Amino acid sequence: MKTRITELLGIEYPVIQGGMAWVAEYHLAAAVAEAGGLGLIGAASAPPEVVREQIREAKKLTDKPVGVNIMLLNPNAEEVAKIVVEEGIKVVTTGAGNPGKFMEMWKNAGVKVIPVVASVAMAKMMERAGADAVVAEGTESGGHIGAATTMTLVPQVADAVNIPVVAAGGIADGRGFAAAMMLGAEAVQLGTVFVTAKESIVHSNYKKKVISAKDIDSEVTGRSTGHPVRCIRNKMTREYLKLEQDGATFEQLEHLTLGTLRSAVMDGDVVNGTVMAGQIAGLIKEEKSCREIILGMTEEAERLLKYGNKMFV
Ligand code: TUI
């Protein structure tokens, strides 16, 4: 399954693992890499030295490419940006902002840069700034989201730029993968399905919450603060949305969510915690290994892309 993305990154399958805060640590990243995709360590809000340690641990587990996702809202982003260069990382993805100011340093170090974008304008800006590819992330995704859906964003970004496009948001099986390719993507990025992977260190309560979620169990908190975050409905989201409706201040809302992603992922508090997941959670029915996820998806997609799904009578 060769595309410009597999060639660019030196990977076997055009599948990238999302750089999820707390979830995308070195065991998961190495397992995805070993299965032939691009594994990512999510730097999120981790202290820079922790990111360095994570990179070194991943390298002990795999010789295949592992990248780092840098969350640009993190005040330490600049330090992390330097550490990835020092540690010889060859692929960086970025989220939640504009990575323009780090581009020159990364390009000079031979790092491939793949910003996550939620609009055509940002995709074009990133191409001009020297990005090697972009991830077009639809609002179906978990975590911090933009407004456009994957179905509408991916073909518009694919038309607007010449660099390869990776589709993200709402993809968890071969059908979604094949559909993304039809929209003009040359790879997919998966988050939610890797949360439930056997190699994912996420607390079993969190995995169960994702696996038992139904189609409409997804909620978006923080629309009023300008930082919309998609997660699975629970006591926290109900309280949050009520507060938001009642006109709570940014500080009150922040207070309700401070540290709650960590408590959900690490301690399994899926009642008061933030269970970030995409809208595709309803499709995921069981824990699988990263290899089963990637091979199952790419085999199904190959079949669909070759023979269609026999929808015409
Ligand atoms: O970044 C993500 N997903 C995330 S980051 C995150 S950490 C967090 N936790 C709580 C509250 C807020 C953040 C959790 N999930 N996805 C990639 C992504 N990037 N989605 C949307 C964007 C984006 C948004 C605006 C990219 C660029 C952008 O541009 C802003 C600008 O500077 O114009």
Exercise. Quick one: Cα centre-to-centre distance for the stretch 82-129 and the stretch 140-188, in angstrom?
Worked result: 19
For this session: Given the options VAL91, VAL265, VAL111, state which has the largest fluctuation in a GNM of the chain using a 10 Å cut-off (strictly under) for Cα springs.
Result: VAL111
For this session: Over the alpha-carbon set of the stretch 1-113, work out the extent along each principal axis and list the three values in angstrom, largest first.
Result: 37, 26, 23
Exercise. Where the centroid of each part is defined by its Cα atoms, how far is the stretch 13-50 from the stretch 224-242 in Å?
Worked result: 25
Exercise. Among GLU244, GLU86, GLU78, which one moves the most in a GNM of the chain with springs linking Cα atoms closer than 10 Å?
Worked result: GLU86
Problem set entry | Over 23 Å between alpha carbons, listed pairs LYS208/LYS235; LYS2/LYS207; LYS2/LYS90; LYS82/LYS124; LYS101/LYS124; LYS198/LYS306 | LYS2/LYS207; LYS82/LYS124; LYS198/LYS306
Exercise. In whole angstrom, and with the biggest value first, how far do the Cα coordinates of the stretch 73-205 range along each principal axis?
Worked result: 40, 38, 23
Exercise. Among HIS144, HIS227, HIS255, which one moves the most in a GNM of the chain with springs linking Cα atoms closer than 10 Å?
Worked result: HIS255
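Restricting to DSSP H runs of at least four residues, report the calculated mean residue ellipticity at 222 nm for the chain, -39500 (n - 2.57) per run over all residues, nearest 500 deg cm²/dmol.
Values: 14 runs with 132 residues, N = 313.
Computed mean residue ellipticity for the chain: -12000 deg cm²/dmol.
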Exercise. With every protein chain left in place, what is the accessible area per residue of the chain in square angstrom, probe 1.4 Å?
Worked result: 45
Exercise. Under 16 Å Cα-Cα from LYS64, which aspartates and glutamates qualify once same-chain neighbours fewer than 8 residues away are excluded?
Worked result: GLU7, GLU12, GLU25, GLU34, GLU87
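With 28 Å as the cut-off, how large is the P(r) tail for the chain, expressed as percent of Cα-Cα pairs? List each step's numbers first, then the result.
Numbers: 16628 of 48828 pairs.
Of all Cα-Cα distances in the chain, 34 percent exceed 28 Å.
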Seminar exercise, completed: Rounded to the nearest 5, the percent of DSSP beta bridges in the chain running antiparallel is 20
Problem set entry | Accessible-area composition of the chain, carbon plus sulfur, in percent [1.4 Å probe] | 53
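The values are calculated or read from the model by the stated rules, or taken from the named source; none is laboratory data. Everything numeric here is computed off the predicted structure, so don't read it as measured data. To get the accessible areas, we keep the full protein, side chains included, count just its heavy atoms, and leave off ligands, DNA and RNA. Shrake-Rupley method; radii C 1.70, N 1.55, O 1.52, S 1.80 Å.
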